[in-house]
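Before any comments, here is the structure.
The values are calculated or read from the model by the stated rules, or taken from the named source; none is laboratory data. Fair warning: this is a prediction, and the values are worked out from it, not measured in the lab. For neighbour counting, all protein chains shown are included, and Cβ atoms are generated from backbone atoms with ideal geometry for every residue, glycine included. Note: areas computed on protein heavy atoms with side chains; ligands, DNA, RNA excluded. Shrake-Rupley method; radii C 1.70, N 1.55, O 1.52, S 1.80 Å.
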Amino acid sequence: MINLKDTVFYQITSANKVRIGTKQSEFIHDRWVEVKFIDQKDNYFLFEYKLLDQKMEGTALIHQWAEDLEWFQSPLYFMLDFEGKFIGMKFLNQLHERWETTFKSKLSKKYGAKPGIKQMIAETEAILKDDKRLVSSFIGYNHFRALFQPFYKPQLPTEELELILSQYFGTADLPIIIQKEAEGKQNITIKNKGILNHQKFNRKPLVRMLKAITNTYNIKVDLAVDLEEEYIIKNGLLHQSDLFLEAYVPDFYQVITAHQLKIILPEKKEVETDKINRWTLPIHHGN
């Protein structure tokens with residue numbers, strides 16, 4: 001059963017690296033967040049997620065834009081079923097109002113006529129006008145996955161799961177088969193290992209995308225996926241998450257995403273700000 005403490009504080013570090021041929025981009029994003037239990041209804045728990053502070057290390061304009069949107073999106077209200085699974089969001093009208101009254105003008109003034117800003121603003125507005133699309137934007141291999149999982153149900157020792165990351169490669173979904181292992185009763189450790197579900201993967205959109213990016217038409221695309229995750233729950237409360245996902249075409253294409261979540265205990269007087277180097281995880285392919 002979930003431990004419904006009033007407020008829990010976490011430090012979440014996210015890292016991303018993309019390599020296509022000889023070109024590479026990466027960023028590291030630290031967040032300090034507050035997760036608060038708000039209410040219990042007949043079929044869901046309601047939690048408030050609030051950003052307290054953040055630090056982004058990235059060189060591209062999109063990284064700076066993403067950092068600004070983090071402030072815009074806070075607070076958020078997540079609906080979880082009684083197993084802890086994300087099932088929806090509440091108070092989306094607050095996001096719409098915040099955009100129209102404050103953030104749209106601030107961001108327009110801040111970025112001015114920088115290339116691509118008009119498209120970013122237009123895309124943000126399009127998502128905000130479509131609640132279904134807005135909610136789906138919080139589902140994927142992002143830091144919210146480190147928080148909201150069905151942790152609070154009886155855990156089987158072994159289990160096979162399916163994860164489908166919608167539109168991971170443009171229009172193509174990324175289907176993953178996960179082998180899950182769980183141990184412990186009061187203190188539970190869950191470990192996931194995942195690989196590509198070849199039977200359900202539609203590789204044609206990825207091939208088209210890579211051909212368009214590289215202007216090369218004889219690309220051999222043998223996609224592989226490596227997923228590793230660990231979650232530690234103590235006395236019904238999530239204490240730590242480590243997530244790692246790599247999708248790669250050997251010697252040509254690589255996308256790495258990693259998230260690490262650590263609880264900040266009340267008795268600690270200072271928040272630990274040293275980042276964990278996620279690239280120390282074993283990366284056997286593409287490097």
Checklist outcome for this item: Exception for residue 120 within (1) farther than 25 Å from residue 41 by Cα; (2) over 22 Å from the mean Cα position of the chain (by Cα); (3) open to solvent by 20 Å² or more (accessible area, probe 1.4 Å) falls at (2)
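Tell me, which helices (runs of 4 or more DSSP H) wholly within the range 1-120 include 3 or more residues that are farther than 30 Å from residue 254 by Cβ and at pLDDT below 95? So that I can check it myself, show each step before the final result.
Working: elements: 61-73, 92-98, 104-111.
By residue number, 92-98, 104-111.
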Checklist entry - For the range 230-245, what are the residues that are open to solvent by 10 Å² or more (accessible area, probe 1.4 Å) and assigned to a strand (DSSP E or B)? => result 230, 232, 234, 237, 239, 240, 242
Item to check | Residue count, the range 214-262 (criterion: at positive phi and charged (D, E, K, R)) | outcome: 1
Item to check | Filter result for the condition that a residue is crowded, with 16+ Cβ neighbours inside 10 Å and over 17 Å from the mean Cα position of the chain (by Cα), over 8, 33 | outcome: 8
Item to check | Residues (in contact (Cβ under 8 Å) with a residue 60 or more places away in the chain and either assigned to a strand (DSSP E or B) or touching a Pro at 6+ places or on another chain (Cβ under 8 Å) (or both)) located in the range 246-263 | outcome: 247, 253, 254, 255, 256, 257, 258, 259, 260, 261, 262, 263
Checklist entry - If you check every pair at least six apart or on different chains, which have Cβ atoms under 6 Å apart with a residue in the range 25-50 that is under 14 Å from residue 84 (Cα atoms) and in contact (Cβ under 8 Å) with a residue 40 or more places away in the chain first and a residue that is open to solvent by 20 Å² or more (accessible area, probe 1.4 Å) and not in a strand (DSSP E or B) second? => result 44/81
Checklist entry - What pairs come up if the first residue lies in the range 64-77 and is without any contact (Cβ under 8 Å) to a residue 24 or more places away in the chain, the second is among the charged types (D, E, K, R), and their beta carbons are under 9 Å apart, counting only those six or more places apart or on different chains? => result 73/98
Next on the checklist: With over 24 Å from residue 138 (Cβ atoms), open to solvent by 20 Å² or more (accessible area, probe 1.4 Å) and of a type outside the set (Asp, Glu) as the only criterion, which of 189, 171 stands out?
Outcome noted: 189
Next on the checklist: Step by step: first the residues of the range 215-250, then only those that are in contact with a helix residue (DSSP H, G or I) (Cβ under 6 Å, 6 or more places away or on another chain) and of a type in the set (A, V, I, L, M), then the one that is farthest from residue 196 (Cα to Cα). Which residue is that?
Outcome noted: 219
